Structure formats: C-alpha cells, structure tokens
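The structure under discussion appears below in the form of structure tokens.
The values are calculated or read from the model by the stated rules, or taken from the named source; none is laboratory data. These numbers were taken from a predicted model, which means no experiment stands behind them. For neighbour counting, all protein chains shown are included, and Cβ atoms are generated from backbone atoms with ideal geometry for every residue, glycine included.
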Amino acid sequence: MPVLSSVLSVEKPGTAGQKPWCPTLHRVAHNSKLTASLCLSEEPRCLRLTFYPPYSLKIMKIATVIVLSLCLSASATEKPRVATVPAQLAIETLDLVTIARIRDEGLNHSHVMEYASGLFDGIGARLTASPDFKKAEQWSLDQLRRLGASNVHAESWDDFGMGWQQIGTSLQLTAPSTSTFLAQATPWSPATAGEVTGEVIAVPPLKEEKDFDKWKGKLAGKIVIYGDAPKINPNPANLLEHYDEAKLEHFRSYPLDGDQNESHVLSNDPAVWEKAFKEMAFLEKVGHFFADEHVVAVLRPAGSGGVIHDDTGISLGWFVYRPEHKQAIPSAVIASEAFGRMHRLVSHDVPVSVRINIATHFYGDHEPGNNVIAEIAGTDPALKDQVVMLGGHLDCWIAGTGATDDGAGAIIALEAMRILRALNIQPRRTIRVALWGGEEQGVFGSARYVSSHFGTVSYSTKPEEQLVPEFLRQQAGPVTIKPDHAKLDAYFNSDNGTGKFLGIFAEGNSAAAAVFQQWAAPISDLGFTTITLRSAGSTDHVSFDQVGLPGFQFIQDPRDYETRSAHTNQDVYERLSEPDLKQAAVIMAIFVYNTAQRDEMLPRKPLPHPELEEQRTKPLEGIYPTAAK
Ligand SMILES: [Zn+2]
C-alpha cells in the first residue's frame, strides 16, 4: 500500500496506545510544537503529525480528519512490511510535510542525470590527483556554489603522490595475423618509447626471486604476457541482479555466526592478509626484474566478454602512485581472450608479435590529495555547531568514467544537496557534504578527514603490514578523539553503485536502527524497507565507524555493479539507472534532513577499544581446575 505507507509511521502492536480511536491534539511543551496523534488498537499503526508555529487549529482538525479516513481504509488493506529490528517505544517526530516536498522535488524535478552527464561524459575518469580529478574537483565546487551551498572549498588531506594521466593505449597483433586487442594502461604505468613492435613471450607467474634465474638474458626487447591464461567459462549468472525479498529478509537477520561476507566486510584473518601483502610486494620486485632485463612492456589478462578491470590488484605493486614505489616497467591490462590467443600460440612455438603504444604522462611527484567540502548552515542557535554529513567518493579508476564507482554516490550527494537548497530548507544542524578523494587507493580522503577533525585510531606496526594502506592493517588502538568528535552527528555514504536504496546497514548500532525503522515508514513505498544491524565494508563510512562515530552505508540494489561495472571499462553513463538515482537522492536528502532536525543527536555505539581486544577475548582462567597447568 504505497500511498498510505508514505504517511504512516509503523509500530509494533501494543506500542501505539491502547485506547480505540484516539485522535488527540496536544502541545509538546518544550518546543511549542503541536502534535496530532492517532492510534488504533486493532491496527499496529500510529501516526503522529507535527505542526510548527504558526499553526491553525482548523487546519489541524482537517488534517486529523484526513488521517482518520486514511487509517480507516488502511485497516482493511494489507499491512506494510516491517523491518525486524524492534522499534523503540519513543516515537520519532517526522516532519511529513517536508518529507513530501523532498519527494516531490527529487522524484518530479530531478537534475541528477544532468550531473551525471556533466561529470562522467564531460570530464571522465577521475584518478586521484590526476589532471582530470582536478577538473572534477573544480566542477563539483562550481556546482555546489551554483546550488547555493556555503563554505564551499577543497580540503587537502595529504601529499598523495604522483599525478598521472593515460593519454592512450593501443595494442595490435601483427603476427601470425592481424587483430586489434582491447588494452588499457595500468594506473601509474610508465609509457613505452612510443609505438613499439616486438615479439611476445609468455612468462608464468613468478613466485620467488630464484624463479627469476630461468628468465635472465631471455627477455630483452620482448613484450611479456605475464601469468597463466585464464579459463573463460560461460557465466550463467545474470548480469543484472536485484535483491529479492528473501535476500532482504536475510539482511534483516543478524549474522550470529559472524559471516558478513556479502556486505564487502574485509576479512580479519591475519593469515589472509599476510599472503596478500607478500604477493603485492613481490609484484614490485617482478616489475624491477623485467625492467632490468629490458622488457618493452608487461601485459596481464583482466576480464572477458568486453570487460577489462583496472585497479590496485593489477598494477605491479601496491603503492605505484608513490615516487619511491614508481613502477619500473610499462604495463597494460588486456582482454583475457586476447591473452589466451597469444598464450596458446606461443606455447605451441608459433612466433607472435604485437605493436604496442602505452602513452601516459606524469605530473609531479607530490600532488595533494583533495576532498570537496560544502555546507548548508544550521539555524538553531543551540544545534548549529553540530554537523550531519553525507557523501561519496569523487575519485575512480580509469578504464571507464567511474559512473557507478563512485560517480553515482557523488551525484546522489550533489542532488540531495540541490534538493535541500531548492526547497530552501533551514536545517537545525549544519549539513555538510564531502566528495572524497583517494578512496580507491585506501579510503584516504575520508580517513584523513576523520583523523584531522574527529579522532584517530592507531594501527599495527608489524613490518609485513606496512606493505599495504592503513585500512587493511589491524587496528591496535586506542582511539583518540578530538573536540569535534562530540559534534559530528552522523555520516551517510553511498558507494555501492547506481542501485536504489533498499535500506541501511546500521553497523550493529541497535539504538540507531530503531530510529531508522521509523524513518523508513514514509519511504517504504519507494522500496526502502530493510534496516539491518549487519555491517557494510570497504566504503568511506568505515572511517567514521572505526573511531566510534555513526557512519552508515545504504543497502543498494546491486544491478550490474559487481557483475560488470565496478573498476572496469564498462563503468560509464549507460550503466546508470535514472529512477534508482532519483530514489537514492530523495532518501539521502530525507535521512540527512531527519538527522539535522532531531531534538537529540543519533545514538552512538560504545567507543571502540581495539587495544583491549586481546584482553577481552582471552580465555577465562580456572575453567578446568584439574588441568595440569
Ligand atoms: Zn567505490
């Protein structure tokens, strides 16, 4: 029942008051608001309308009659879906009139696809600290000024490393036949010496330095296809995925076994990471070996069916954007089918040659990493110093135009800001948008923003963990907080593609979940039904969560984000879903607005104490009194 569920806040039976038919009007003394409550004993529904001064008793009576008639018809229809996290007895006071205005502006007068084309078609890929990232930064600042935001500025978070841009990459088979292959420079790859034609040689994965010996003196002037040829089986899975009700029900149940795999939560098994760290560090040595042997370029297989991937895992080393780790050899990712064809020929001693041109350019060794920040100033004298944040990351990889990862999150945040400004919303708390840089290399933009404004957590200093960015290291604690930690109400993030918001990951914050459950009622007809205490991983909200601040990622419909667009050449405008982006921007605006208007800040989880983890999880003593020791 979409229309009704948009005006009713939903409660469990028994919490809505026991009197049958009790429309009441009463004054809430502390802030002069008038509230109309309507409760039905037979139905698990309760409505509260809030009127802000100046109010008219006549209007309130009319509204109450309308609500009564709505509820009468509601009692005869199916019940709305209710998220499984139990609601609190305390009823959230929602400004349903403003929520309706946000819905109208965002659903019927959207500009989100204009932002999409301007940013993705007009500017394109936005690799951190690249010239095109800087263009996107300027464009975002300009759009934020135009929509009427205040305090619009770029904020540097660190010396990121080398500015770099791909000018163009081409790869053609020249023997034993001719073909044009799909190819793409790996980010921060050096350039070849212009166009080079050379013989192709296949080198299997090298596991340790002694494996280099076999290849010494055999690689000069060659183009190396490095690694095993991937087996390409037809993929029976649909490209376009949607979460069905069963999947959402799964999200609503808390994972008592701790399994949060489907939410991108990273493994906390040190053995998993130790292996990954070592492999990435060894790849840097492989690159140096090939360079020492005067290889022309290294080609690696990176996707089939017209999709090629380009991200951290495909470069020769992790920190290739740092001048001290600059990749020693040009490298490109190529279609796995092209790799397979050359690999089969070479393994049967058929001479293969290609013409390759990897054209790239470096711009400075110590370019700043920047975030884009802007605000809508709070107006309540007692609350305006408190801040509600929203955002997504502006940076992306280079094969596509970063439309879904995370251009979608950036334009959802922009459009949410535009909606709020278009309606001339005067929020009680300050609303602040952040478009992060450096997310793809290690959530740097948000992590450094949080550490410079709100608080820090210290990380493991084990030597093997220094081989990867901080977000992959074990937290050692303690969390140290700054004064503004007390003023950050919440951060809402969107970074799982273009799909609509189906709910929100409450990150184990059961008190906040009970609030969100009530906020879901007026937007359940938009598909927003699922509040889960599960956690999401690998997005910028984690930077907030790990220092004890409420940071949240929405549950997004997956569409073809995982199957096709994330970190690939297919991450372009055509992968976007206009209806989903409109829905997401509306819900983002409503969540931010609700947070900004609450009398209290959103509830928090206890401050994390990673430094106590060992002590808190160590086995109890005295369990086996008769044990030998
Ligand atoms: Zn992302």
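Restricted to strands (runs of 3 or more DSSP E) entirely inside the stretch 161-244, those with at least 1 residues that are of a type in the set (Gly, Ala, Ser) are 179-181, 183-185, 196-203. Mind listing just one residue for me: the one in the stretch 389-432 that is more than 17 Å from the chain's Cα centre (by Cα) and in a helix (DSSP H, G or I) and, of those, nearest to the ligand (Cβ to nearest atom)? So the residue we want is Met417. If I filter the stretch 304-319 for residues that are aromatic (Phe, Trp, Tyr), touching a strand residue (DSSP E or B) at 6+ places or on another chain (Cβ under 8 Å) and modelled with pLDDT of 95 or more, do I get at least one hit? No. For the stretch 497-547, the candidate set comprises residues that are within 15 Å of the chain's Cα centre (by Cα) and of a type in the set (Ser, Thr, Tyr); within that set, the residue that is farthest from the ligand (Cβ to nearest atom) is Ser535. Residues in the stretch 451-472 that are of a type in the set (D, E, K, R) and either within 16 Å of the ligand (Cβ to nearest atom) or in contact (Cβ under 8 Å) with a residue 60 or more places away in the chain (or both): Glu464, Glu465.
What about Leu345, is it in contact (Cβ under 8 Å) with a residue 12 or more places away in the chain and part of a loop (DSSP other than H, G, I, E, B)? No. The selection criterion, being in contact with a strand residue (DSSP E or B) (Cβ under 9 Å, 6 or more places away or on another chain), within 15 Å of the ligand (Cβ to nearest atom) and of a type in the set (Val, Ile, Thr), holds for Thr568.
Restricted to the stretch 477-496, and to residues that are over 18 Å from Ile590 (Cβ atoms) and under 20 Å from the mean Cα position of the chain (by Cα), which residue is surrounded by the fewest Cβ atoms within 10 Å (Cβ to Cβ)? Top of the filtered list is Leu488. Here Thr480 fulfils each of the conditions (1) in contact (Cβ under 8 Å) with a residue 40 or more places away in the chain; (2) part of a strand (DSSP E or B); (3) farther than 24 Å from Tyr321 by Cβ apart from (1). The helices (runs of 4 or more DSSP H) found wholly in the stretch 519-629 and carrying at least 1 residues that are touching a residue at least 60 places away in the same chain (Cβ under 8 Å) and either surrounded by 15 or more Cβ atoms within 10 Å (Cβ to Cβ) or in contact with a Ser or Thr (Cβ under 7 Å, 6 or more places away or on another chain) (or both) occupy 541-545, 578-597.
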